[in-house]
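Enquirer: If you scroll down you'll find the structure; I have some questions about it.
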Amino acid sequence: DMKVTQMPRYLIKRMGENVLLECGQDMSHETMYWYRQDPGLGLQLIYISYDVDSNSEGDIPKGYRVSRKKREHFSLILDSAKTNQTSVYFCASSNTYAEQFFGPGTRLTVL
Amino acid sequence: GEKVEQHESTLSVREGDSAVINCTYTDTASSYFPWYKQEAGKGLHFVIDIRSNVDRKQSQRLIVLLDKKAKRFSLHITATQPEDSAIYFCAASSGTGGYKVVFGSGTRLLVSP
């Protein structure tokens, strides 16, 4: 069953708190992505991972870091969250140069 | 870097009509152009793609056209149905940035009965 999962689905944090968003995939895809979606801006790439411990900055990496210790898991970490990081975060995975499979998203609110 | 502009922010059609969503891109090296659909409260779902070695691709009611000279591509949805209502995103990738794909800002399509 080809699936990308994200946990949690909804999260409310206070400014300055740390945030951990988790993503899993069961397709053994090498490449995984983290995006954020804001109204009118489409999806913006935060980080891309080409495999375990092989991560690369996307277009908006500032304020974020990632961890990929197993091929099937990819984490997004916000150290000391800011109010402007309130957004919907999507994880995706793909096999080489092909379609991406997206998770259901995490709605993060930073107060 | 690559920039993708999606021209229609909203589009309303009647059931049975065709809908056309247009996108332009800036990087002449772009060679892969996927389209995604997002239903309310859900993640994106791949619908169709086209690569630069062809200028037309069809999958059932979906047709994608690519004009490399004009750096323009479009999604045509024929015989629209209410369940086609969603946000559609175009995207482009050159491959030079790994597997990075740059997305347009989305078009909200509303198909009314």
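Enquirer: Restricting the range A:26-42 to residues that are open to solvent by 10 Å² or more (accessible area, probe 1.4 Å) and in a strand (DSSP E or B), which is farthest from B:T107 (Cα to Cα)? Reasoning before the result, please.
Expert: So in the range A:26-42, the residues open to solvent by 10 Å² or more (accessible area, probe 1.4 Å) come out as A:26-30, A:36-41.
Filter once more, so that each one left must be in a strand (DSSP E or B): A:36-38.
Details: A:R36: 17, A:Q37: 14, A:D38: 14 Å.
Among those residues, the one meeting the criterion is A:R36.
Enquirer: Further, regarding this structure: Out of B:S9, B:S31, B:S18, which single residue is of a type outside the set (D, E), within 12 Å of chain A (Cβ to nearest Cβ) and open to solvent by 70 Å² or more (accessible area, probe 1.4 Å)?
Expert: Result of the check over B:S9, B:S31, B:S18: B:S9.
Enquirer: Looking at the range B:38-57, which of the residues that are surrounded by 20 or more Cβ atoms within 10 Å (Cβ to Cβ) and out of contact with any Pro (no Cβ under 9 Å at 6 or more places or on another chain) is nearest to A:Y33 (Cα to Cα)?
Expert: If we take residues in the range B:38-57 being surrounded by 20 or more Cβ atoms within 10 Å (Cβ to Cβ) and out of contact with any Pro (no Cβ under 9 Å at 6 or more places or on another chain), then B:L44 is nearest to A:Y33 (Cα to Cα).
Enquirer: Since A:R68 meets every condition but one in (1) outside any strand (DSSP E or B); (2) among the charged types (D, E, K, R); (3) more than 14 Å from chain B (Cβ to nearest Cβ), which condition does it not meet?
Expert: (1)
Enquirer: Continuing with the same structure: For the range A:89-111, does any single residue satisfy the condition of being loosely packed, with under 14 Cβ neighbours inside 10 Å and under 20 Å from B:S105 (Cα atoms)?
Expert: No, every residue in the range A:89-111 fails to be loosely packed, with under 14 Cβ neighbours inside 10 Å and under 20 Å from B:S105 (Cα atoms).
Enquirer: I'd like to know if the range A:9-24 contains one or more residues that are of a type outside the set (G, A, S) and modelled with pLDDT under 95.
Expert: Within the range A:9-24, not a single residue is of a type outside the set (G, A, S) and modelled with pLDDT under 95.
Enquirer: What do you reckon, is B:K3 out of contact with any helix residue (DSSP H, G or I) (no Cβ under 8 Å at 6 or more places or on another chain), under 13 Å from B:G104 (Cα atoms) and surrounded by fewer than 13 Cβ atoms within 10 Å (Cβ to Cβ)?
Expert: yes
Enquirer: Give the residue that is surrounded by the fewest Cβ atoms within 10 Å (Cβ to Cβ), with candidates limited to residues of the range A:1-20 that are within 14 Å of chain B (Cβ to nearest Cβ) and either of a type in the set (F, W, Y) or in contact with an Asp or Glu (Cβ under 6 Å, 6 or more places away or on another chain) (or both).
Expert: Top of the filtered list is A:Y10.
Enquirer: If we keep just the residues of the range A:25-47 that are among the hydrophobic types (A, V, I, L, M, F, W, C) and under 27 Å from B:H7 (Cβ atoms), which is farthest from the other protein chains (Cβ to nearest Cβ)?
Expert: A:I46
The values are calculated or read from the model by the stated rules, or taken from the named source; none is laboratory data. Note that the coordinates shown come from a computational prediction; the quantities given were computed from them, not determined experimentally. Every residue, glycine as well, gets a Cβ built from its backbone with ideal geometry; the counts of neighbours run over all protein chains shown. With ligands, DNA and RNA removed, areas are computed over all heavy atoms of the protein, side chains included. Shrake-Rupley method; radii C 1.70, N 1.55, O 1.52, S 1.80 Å.
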